[in-house]
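Chemist: One structure is given below, represented as structure tokens, and several questions about it will come after.
Since every read-out is calculated from the coordinates, none of them should be taken as a lab result. All values derive from a computational prediction rather than experimental measurement. Every residue, glycine among them, receives a Cβ derived from its backbone with ideal geometry; neighbour counts consider all protein chains shown.
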Amino acid sequence: MYKLGHYFPRESAVHRRDPRVKIIAVIALSIIIMHVNAIGLLIATGMTIAVSQLALIPLKSLLKTLRPVLPFFFCLFLMYIFFTPGRPLPLFPIGLVQISYEGLHLGLLQVWKFVFLVVAASILTMTTPQSEITMGLERLLRPLVILGISSHNIAMMVSLALRFMPTLLDEMNSISEAQLARGANFNPRRINGKIKAISYLAWPLSINIFRRCNELVDAMEARGYQQGHRTYLRELVLNHADYYLIGALTVIVIAVLLWHP
Amino acid sequence: MKKIIRVQNLTFTYEAGRPPALKDLNLVIGEGEYIAIIGPNGCGKTTLIRHFNALLLPSTGEVQVDGLSTQDHNSLLEIRRRVGMVFQNPDNQIVGMSVEEDVAFGPGNLGLPAAEVRRRVDQALATVGLTGFQTRPPHTLSGGQKQLLALAGLLAMNPKIIILDEPTSSLDPAGKKNVLTLLQKLNCQGIGIIHITHSMDEAAIADRVLVMDRGELIADGSPDEILSRVEWLKSLGLAPPKVTELMWQLQQGGEDVGTSIFTLDDAFNEITALLAQLRSSTNAYISGKVREHV
């Protein structure tokens, strides 16, 4: 099975960074990217590729993470080039179809930005184990306690979802095998066959999920789970390099926002 | 012996108007006891043990764990620290994304510092023999390993007693053996075990066997006393150990054998003794005949 942005175990400076720094970096990048022009985008792309090389992730595997989102991006690109008014390209309009310089420019730039964001997020998930990302999120969201939201609960939900993903996939496979064994025959090449197959899977799967939930809640309670504060196997500690990086990212974000509001 | 669990006049009803799942039950469990609970499906075994760690609260009566009443909401965490529970389905009790994180769940709930959590995790994994699996995702473990992991998660909380609800029902023979060996080892270290099972072979390992039927405790005694009553067990819909049943059939056939035999080795010894006796009496008979003839 193909896994989007699956963790790449390597020994690198990027892998060793605190997960919070990497999460902040992705957020900062997405703010920066939305405010820069083509040259700024080129610089950011160059730096991101440099980081991916530092993390010992081959460019090929990085580009592979784009595969599932490419059709979406292509549609986005078409929307931009067809629906942006401006000076028409030579040979256009052909009939009712018109493509403008501005449209082409905007389309390329926007799609590039989205591709960039997906790649940046993939570098995060490829260099950070899921458990560290959840822990990082938990620490970053702690201030939300003022709003009455417990970051421990959010972290628990995320990690349970990730924990049960493979289990539920297994279960889904065994349900569809059981249906095939009893003579179900959905033509997966036809769209209505696919929809039928999904609807036949959805019911038994959701019933099983609720059953699992009941047992899981009992098991968690039996192990002393209570909402609110808890401790973890690892405590995250920011070192000097982490603080410098966060500082530098903050300065860049502020600078970009000031120059390109 | 110090008492760890005390059940007084426990009655429990799931829904008002329905017959109670437990009827006026009284029971005392001592520290470090190895107890097996047997009984047909729907007899209330699971309902009973769920009272021991306050997953269920009595409709009437009282359950005390180490002197703490399960009805007292403030002692909930203390009770659950003392009483660990392993469920039938190993998959639905694992919450961590990796083996070590799952073991760390319990100590984390107790709010222990990270260094202490780490120490307990390593120790618990060593005890159950899962050292080296720390970073494995739990879904890649076998059923037996998952149950060992569940046990490690409890051991990391230093429980006084571990309750298991048919922990071996979905395991292969090797997995079963691992779990049972571990239970005996833990019991030797002074941890009490309460083991719900349908397998009388597993019940035979215990020091004390409780038999339940229709929400009532109908027998309480040593495996010798309980499991040797083959006909009575069968009338309850339970299957006595195969070797015990064999001995019982021999006894019914008029042979001079006991029925307090639960292992193959004991059965072998008993039958060999019987054969030796038979052989010597036959020899004596033949030599008597021969002498007569001469």
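Chemist: Separation of region A:16-37 and region B:1-45 by C-alpha centroid, Å?
Modeler: For region A:16-37 versus region B:1-45, the Cα centre distance is 57 Å.
Chemist: Rounded to the nearest 500 deg cm²/dmol, what is the calculated helix-only ellipticity per residue at 222 nm for chain A, with -39500 (n - 2.57) per DSSP H run of length n ≥ 4?
Modeler: Estimated from H runs of four or more residues: -23000 deg cm²/dmol.
Chemist: With the Cα gyration tensor of region B:228-294 giving a ≥ b ≥ c as the square roots of its eigenvalues, does the rule (a/c under 1.5 for rounded; else a/b larger than b/c for prolate; else oblate) give rounded, prolate or oblate?
Modeler: The shape class here is prolate.
Chemist: Please label the shape of region B:1-47 as rounded, prolate or oblate, based on the square roots a ≥ b ≥ c of the eigenvalues of the alpha-carbon gyration tensor (a/c under 1.5 means rounded; beyond that, a/b larger than b/c means prolate, else oblate). Kindly include the intermediate steps, with their values, before the conclusion.
Modeler: Working: a/c = 3.70, a/b = 1.74, b/c = 2.13.
It is oblate, given that a/c is not under 1.5 and a/b is not larger than b/c.
Chemist: Within the set of other residues whose C-beta is less than 11 Å from the C-beta of A:Ser131, count the net charge using Lys and Arg as +1 and Asp and Glu as -1. Before the final figure, lay out the partial values.
Modeler: On the way: positive: A:Arg163, A:Arg234; negative: A:Glu132, A:Glu138, B:Glu100, B:Glu101, B:Asp102.
In short, -3.
Chemist: Okay, moving on. Provide the net charge surrounding A:Asp18, with neighbours chosen by a C-beta distance below 14 Å and charges set as Lys +1, Arg +1, Asp -1, Glu -1. Could you put the intermediate results ahead of the total?
Modeler: On the way: positive: A:Arg16, A:Arg17, A:Arg20, A:Lys22, A:Arg139, A:Arg234; negative: A:Glu132, A:Glu138, A:Glu235, A:Asp242.
Within the 14 Å Cβ shell, the charges total +2.
Chemist: What is the average number of partner chain Cβ atoms found within 10 Å of a Cβ in A:226-238? Write down the numbers at each step before the final one.
Modeler: Details: counts 5, 0, 1, 3, 8, 11, 7, 16, 6, 4, 1, 0, 0.
Across A:226-238, the average partner-chain Cβ count within 10 Å equals 5.
Chemist: Right, something else. Give B:Lys3/B:Lys23; B:Lys146/B:Lys176; B:Lys2/B:Lys23 a once-over and call out the pairs whose C-alpha atoms are over 19 Å from each other.
Modeler: Working: B:Lys3/B:Lys23 22 Å; B:Lys146/B:Lys176 12 Å; B:Lys2/B:Lys23 26 Å.
Those over the limit are B:Lys3/B:Lys23; B:Lys2/B:Lys23.
Chemist: Another question, if that's okay. A:Met157 to B:Thr135: FRET efficiency via 1/(1 + (r/R0)^6), r the Cβ-Cβ distance, R0 22 Å, to the nearest 0.05? Spell out each step's value before the answer.
Modeler: Details: r = 22 Å, r/R0 = 1.02.
About 0.50, to the nearest 0.05.
Chemist: Is there a pair in A:Lys64/A:Lys113; B:Lys45/B:Lys234; B:Lys45/B:Lys177; B:Lys160/B:Lys185 whose C-alpha atoms are over 20 Å apart, and which pairs would that be? Could the numbers behind the result be given before it?
Modeler: Details: A:Lys64/A:Lys113 17 Å; B:Lys45/B:Lys234 18 Å; B:Lys45/B:Lys177 23 Å; B:Lys160/B:Lys185 14 Å.
Where the Cα-Cα span goes over 20 Å, the pairs concerned are B:Lys45/B:Lys177.
Chemist: Pairing the Cα long axis of helix B:264-293 with the longest principal axis of chain B, what angle in degrees results, from 0 to 90 and rounded to the nearest 10?
Modeler: For helix B:264-293, the angle is close to 10 degrees.
Chemist: Right, here's the next one. Per-residue mean of other chain beta-carbon atoms within 10 angstrom of the beta-carbon, peptide B:108-115?
Modeler: Average neighbour count from other chains, rounded to a whole number: 5.
Chemist: When the Karplus curve 6.51 cos²θ - 1.76 cosθ + 1.60 is applied with θ = phi - 60°, which whole-Hz ³J(HN,Hα) does each residue of region A:164-175 get, with x for Gly and Pro?
Modeler: Once rounded to whole Hz, the list reads 8, 3, x, 4, 6, 4, 4, 5, 4, 4, 6, 5.
Chemist: What ranking do A:Tyr80, B:Tyr14 get, fewest neighbouring Cβ atoms within 10 angstrom at the top? Let's see the in-between values first.
Modeler: Values: A:Tyr80 21, B:Tyr14 12.
Exposure proxy ranking, most exposed first: B:Tyr14, A:Tyr80.
Chemist: First measure r as the distance between the Cβ atoms of B:Asp220 and B:Asp256, then evaluate 1/(1 + (r/R0)^6) with R0 = 35 Å and state the FRET efficiency to the nearest 0.05.
Modeler: Details: r = 29 Å, r/R0 = 0.84.
For B:Asp220 and B:Asp256, the calculated efficiency is 0.75.
Chemist: In chain A, how does Rg compare with the Kirkwood Rh, expressed as the Rg/Rh ratio over alpha carbon atoms?
Modeler: On the way: Rg = 23.3 Å, Rh = 22.3 Å.
Rg/Rh: 1.04.
Chemist: Helix-derived [θ] at 222 nm for chain B: sum -39500 (n - 2.57) over DSSP H runs of at least 4, divide by residue count, nearest 500? Walk me through the numbers on the way to the answer.
Modeler: Details: 12 runs with 125 residues, N = 294.
Only helices count here, giving -12500 deg cm²/dmol.
Chemist: Also, I was wondering about something else. Counting other beta carbons within 10 Å of each residue's own, what order do A:Trp203, B:Trp232, A:Trp112 fall into, fewest first? Don't skip to the answer; put the middle values down first.
Modeler: Numbers: A:Trp203 10, B:Trp232 14, A:Trp112 17.
Arranged by neighbour count, lowest to highest, A:Trp203, B:Trp232, A:Trp112 become A:Trp203, B:Trp232, A:Trp112.
Chemist: Is the shape of region A:153-261 best called rounded, prolate or oblate, per the rule: a/c under 1.5 gives rounded, else a/b larger than b/c gives prolate, else oblate, with a ≥ b ≥ c the square roots of the Cα gyration tensor eigenvalues?
Modeler: Details: a/c = 3.79, a/b = 1.66, b/c = 2.29.
Taking the square roots of the gyration eigenvalues as a ≥ b ≥ c, region A:153-261 is oblate.
Chemist: Across region B:101-234, how large is the tail of the calculated P(r) beyond 25 Å, expressed as a percent of all Cα pairs?
Modeler: 34
Chemist: Then there is this: Rounded to the nearest Å, what's the spacing between the alpha carbon centres of region A:110-181 and region A:215-242? Just the number, please.
Modeler: Cα centroid to Cα centroid, the span is 16 Å.
Chemist: Among A:124-137, B:49-62, A:26-39, how do they line up from the highest to the lowest mean number of other beta-carbon atoms within 10 Å? The partial results should precede the final answer.
Modeler: Values: A:124-137: 21.0, B:49-62: 18.9, A:26-39: 15.0.
In descending order of packing, they fall as A:124-137, B:49-62, A:26-39.
Chemist: Then there's this: Quick one: Karplus J couplings for region B:115-132, per residue in order, coefficients 6.51, -1.76, 1.60, θ = phi - 60°, nearest Hz, x for Gly and Pro?
Modeler: Coupling constants for region B:115-132: 5, 5, 4, 4, 4, 5, 4, 4, 5, 5, 5, 5, 4, 8, x, 10, 4, x Hz.
Chemist: Please list the radius of gyration and Dmax for the protein assembly as shown, considering alpha-carbon atoms only, with Å as the unit.
Modeler: Every Cα atom of the protein assembly as shown included, Rg and Dmax give 32.7, 134 Å.
Chemist: Using θ = phi - 60° and the Karplus relation 6.51 cos²θ - 1.76 cosθ + 1.60, list the HN-Hα couplings for region A:141-149 in order, rounded to whole Hz, with x at every Gly or Pro.
Modeler: So the Karplus estimates, Gly and Pro as x, are 8, 3, x, 4, 4, 4, 7, x, 9 Hz.
Chemist: If we count other beta carbons within 10 Å of each Cβ, what is the order of B:Arg229, B:Arg118, fewest first?
Modeler: Numbers: B:Arg229 19, B:Arg118 16.
Least to most surrounded, the residues fall as B:Arg118, B:Arg229.
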